[in-house]
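The next block holds one structure in the form of C-alpha cells; read it before the comments.
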Amino acid sequence: MSAVTTTLTEDQLALAEVTLDFAQEQLGPYAVAWDQDKHFPLDVIRKAADLGLGGVYVREEHGGCGLGRADGVLVFETLATGCPSIAGYLSIHNMVAWMIDRYGDADQRARWLPGLCSARSLGSYCLTEPGAGSDAAGLRTRAERTDDGYVLTGVKQFISGAGASEVYVVMARTGGEGPGGISAFVVERGDAGLSFGPNERKMGWNAQPTRQVVLDGVRVPADRRLGAEGDGFRIAMNGLNGGRLGIAACSLGGAQSALDRSLAYLADREAFGNRLLDAQALQFRLADMATELAAARALVRQAADALDRGDPLAPQLCAMAKRFATDTGYAVADRALQLHGGYGYLSEYGIEKIVRDLRVHQILEGTNEVMRIIVARGLTEALR
C-alpha cells in the first residue's frame, strides 16, 4: 500500500493507517463469502461508522468528520482494498449524507444526519430510472403538489442499498421538461406507497443489494423537499461530482489489491526452475500496472483538490478522473487475473471478484461515455 500513501500529510497518513487496518481486519477476510452469499454486512458498516466513515463529508457540528474530498478519496481507495463492493456502497451512503448536510435546512439535518453518520440509518440515492439512465434530465418520476406537500409516483432503477436503507434522496419532476423541472426529496422506508423490486442478480457488487425503488403515490410533507423547487438536478449533479471521485477511488483500491496479490503470487510460483517474479516480461507487466495506477491516482487527487477549492473546472476534472480511474482499475485487475493463470479464475483467490466488482464502476455514477461528453463540452464551450 505504499503507493497509496505517498505525498500525504501526517493526518492523512494516520487516516490511511486506521482505514487500512479496518479494511484488512473487517472487510478483506470476508469479502469472497459475502459475495457468494449475497450478504450485506450491516454490522460491519456500523463498525465503519464508529470510525467516522458514515459521515465523512458531513460537518462536525452535525455529527460528521468534516473531511474534504482529498481525504475522502484516500478513505475509499483504502477501504476498497478490502472489498470494493462495500467501499462503493459507503461512498454512495456518504454522498446522500453530504447532500442532506449541504442542501438541507436545520430541521432536516437534525432529523436525518445523526442516523446516517452512525449508520443506524443507511442512505440511497435515487436518480436513475428504467428509461432515464445517462439522460438523467429526462426522468419521469413525478411529484405532484398538494395542499400540504407532494405525492410521488414513479420507479427508480439500479438503486444501491434499496430495501435496507432507511433514507432515500429521490429526484422527481415538479415542473416541465428538462433539468429545470426536477426537485429533490427525502423519502423514508416506512412511507406508505414505497416498495422495492427483487434483489437484482448481478455480475458483481453482490455484497450490497440493488433493487428498484417503486413510488406508488407516496405522500410526503413539504418539509421533505431538499432546496427549492427546480433545484433538484443541480443538487443531483453536485452530489455526483463527489460520488464519481468516490467510485474512482474504489477502483484504485480494488486494482491496487489485485496488483499486490499478483506480486505475492508471482514471488511464490516457479516455472521452468525460476520464480515467475524474476521473468522480465512479467516484471514489465507489473511495472505498467503500477505506473497506470499511479497516473490515475494523481488525476483523482487533482480532481479532489479542485472540488475542495471550488474550482470551476472541478466537474470536468471529476469526469476525467472517474473515466480514467475506472477504466484503468478494471484493466489492471483483469491483467492481475491473467498473471494468476488458472488460479485467478477461481473464486477462492479473490481476483475474479475484484474484476467483477470493478466492471460496474465504468457504468455507475454516470457511464464513462457520459464522462467523455462532460469533458468534451468543457473543451468546446468557448467555440459554440
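Observations on the model:
- Within the shell of other residues whose beta carbon sits under 14 angstrom from the beta carbon of Leu215, the net charge comes to +3, with Lys and Arg scored +1 and Asp and Glu -1.
- Between the stretch 283-317 and the stretch 26-47, the Cα center-to-center distance that results, in Å: 28 Å
- Multiplying each eigenvalue of the alpha-carbon gyration tensor of the stretch 184-273 by 5 and taking the square root yields semi-axes of 43, 19, 8 Å, largest first, rounded to whole angstroms.
- Approximating the spin labels as points 7 Å out from Cα along Cα→Cβ, the Ser118-to-Thr367 distance works out to 4.2 nm.
- The 3J(HN,Hα) values that the Karplus relation (6.51, -1.76, 1.60; θ = phi - 60°) gives for the stretch 368-375 are, in residue order, 5, 5, 5, 4, 5, 4, 4, 5 Hz. Gly and Pro appear as x.
- Net charge, Ala137 excluded, C-beta distance under 12 Å - Lys, Arg +1, Asp, Glu -1: 0
- Rounded to the nearest 10 degrees, the inclination of helix 69-80 to the longest alpha-carbon principal axis of the chain is 60 degrees.
- When the alpha-carbon atoms of the stretch 216-257 are used, the pair Rg, Dmax equals 16.2, 46 angstrom.
- Label-point separation in nm, Arg219 to Glu177, each point 7 Å along Cα→Cβ: 3.3 nm
- Gyration tensor (Cα) of the stretch 115-227, equivalent ellipsoid semi-axes in angstrom: 22, 17, 12
- Radius 14 Å from Cβ of Asp43, net charge of other residues (Lys, Arg +1; Asp, Glu -1): +1
- Candidate lysines for bridging to Lys353, where Cα separation is under 25 Å - those fewer than 8 sequence places away on the same chain excluded: Lys38, Lys47, Lys202, Lys322
- Anisotropy class of the stretch 10-122 from Cα gyration tensor, a/c 1.5 cut: oblate
- Taking the Kirkwood radius as Rh and the Cα radius of gyration as Rg, the stretch 35-90 has a ratio of Rg/Rh equal to 1.01.
- Alpha-carbon radius of gyration plus Dmax, which is the widest Cα pair, for the stretch 140-196 in Å: 11.6, 32
- 5 angstrom amide H check on Ser124, placed H, neighbours 5+ away: Val167, Tyr168, Val169
- Here the spin labels are modelled as points 7 Å beyond Cα on the Cα-Cβ line, and at Gln280 and Arg145 they lie 7.4 nm apart.
- When a 1.4 Å probe is rolled over the protein heavy atoms, the share of accessible surface on the chain that falls to carbon and sulfur comes to 51 percent.
- Cα gyration tensor shape for the stretch 76-152, rounded if a/c is under 1.5, else prolate or oblate: oblate
- A simple packing score, the average count of other Cβ atoms within 10 Å per residue, orders the peptides 92-101, 339-348, 202-211 as 92-101, 202-211, 339-348, with the highest score first.
- A 1.4 Å probe, protein heavy atoms only, puts the accessible area of Phe196 near 70 Å².
- Alpha-carbon geometry of the stretch 233-382: the Rg and the Dmax are 17.5, 61 Å, given in that order.
- 3J(HN,Hα) along the stretch 35-40, derived from phi through the Karplus expression 6.51 cos²θ - 1.76 cosθ + 1.60 where θ = phi - 60°, amounts to 4, 5, 8, 6, 9, 9 Hz, with x in place of Gly and Pro.
- Figure legend: label point modelled 7 angstrom from the Cα of Arg46 along Cα→Cβ; no residues of the stretch 182-215 have amide N under 15 Å from it.
- Here the Kirkwood formula puts the hydrodynamic radius of the chain at 21.1 Å, using every distinct Cα pair.
- The peptide list 264-271, 165-172, 293-300, put in order of mean Cβ contacts within 10 Å with the highest first, becomes 165-172, 293-300, 264-271.
- Whole-number accessible area per residue in Å² for the chain, which is evaluated in the context of all protein chains at 1.4 Å: 42 Å²
The values are calculated or read from the model by the stated rules, or taken from the named source; none is laboratory data. As the structure is a computational prediction, the values presented were derived from the model and not from experiment. Methodologically, a virtual Cβ is constructed for each residue, glycine included, from the backbone with ideal geometry; neighbour enumeration extends over all protein chains shown. To get the accessible areas, we keep the full protein, side chains included, count just its heavy atoms, and leave off ligands, DNA and RNA. Shrake-Rupley method; radii C 1.70, N 1.55, O 1.52, S 1.80 Å.
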